[in-house]
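Each remark here refers to the structure printed beneath this line.
The values are calculated or read from the model by the stated rules, or taken from the named source; none is laboratory data. As the structure is a prediction and not an experimental result, all values here were calculated from the model. Here the Cβ is made from the backbone with ideal geometry for all residues, glycine too, and neighbour counts use every protein chain on show. Just the protein is used for accessible areas: all its heavy atoms, side chains included, with ligands, DNA and RNA removed. Shrake-Rupley method; radii C 1.70, N 1.55, O 1.52, S 1.80 Å.
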Amino acid sequence: MKQFIILMTASLFFVACNNQDIQKPSDANQISLMENIKVENGILKFVDEDHFQLTISKLSLMKDIEKMTGAIVEFENYESNYQAYDNITESQFSQISKSNKTSGYENILNIQRVDGSEPQIVRNITYAPLGLLINKEGKVIIGNKIHQFFYDKVLVASYAPTGISSVNETYPVEHKVVLKELKNLKPSAEIKSCDQYRYSGNERRLCGIINYSLYYSPGISGKTYTTFTTEHQTRTLGFIWYTSVISTISLSGTAYVDYSPVSINMVTTNASNTNYYVPSYCSPVPGGTYCSSGIVTGSSTTHKGIGLDGNWKQVNL
């Protein structure tokens, strides 16, 4: 792991969404989601698009990255995209930063100027519940199609155990730190904020980040996935920022979510000692899990950590 993550104990309060925004699971998928997942050639295989979407929902409801990871470790000969990123060492990040090349890591990460900021190494899939179901090569099988996830697109081809056809569908992926054109976020949340300092001759920073990813590919079409994170980063000789480990890091606060036409506050009652928070748009109901397209309209979060210089850093979003 790139951060020391302690179990997150957050309680979120939900209000029922209107029926137009609800995706109903099939009866078969209500019975068991995880047990119906198979592994073929190191790739997770889902029954259909409903099965894939509802498994993401099930993981999202856990909120805790440790519990999410524990739910998929049972699959043998499988390494997720999220885990593959966490397995990259700081020396490897440093080499990528200095060379400005992602060769060998294209399926896991990308170098981006997020909303015009300085270049940094970012995950191809920032939303952990999704990244845990995509393998280290960026692949997942949904029904009879194989999906290849990259930072900015998803390629889809027909799949059978005997082989894969040529790619016949391409879907875009949109990433932003905030989606100001969708909702008016409070001014303090309009940009990613970082507390920057120097230590041992290198630049360091603690950042509070709100990531939005909008997918158009089957199974997650039209869904906006939102992630709050606290991250410590470093760069050497003015090159690209990359993740760095510090011993103490935390995130706490409130996210405001619009489930149009219903707006509610999703309050974290005890979300300290974690660096990752999913304001899930899914809620459990009798007989299954229903999901709607919730949009984060604002936040009041505090991101803290003890920097390598031994001093506390804090960013508010």
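Annotations
- Residues that are at pLDDT below 90 and open to solvent by 70 Å² or more (accessible area, probe 1.4 Å) were ranked within the range 157-175; the one that is nearest to the chain's Cα centre (by Cα) is E174.
- Residue within the range 237-246 that is over 18 Å from L109 (Cα atoms), assigned to a strand (DSSP E or B) and open to solvent by 10 Å² or more (accessible area, probe 1.4 Å) present: no
- Which numbered condition E40 misses (of (1) of a type in the set (D, E); (2) farther than 12 Å from I141 by Cβ; (3) at pLDDT 90 or above): (2)
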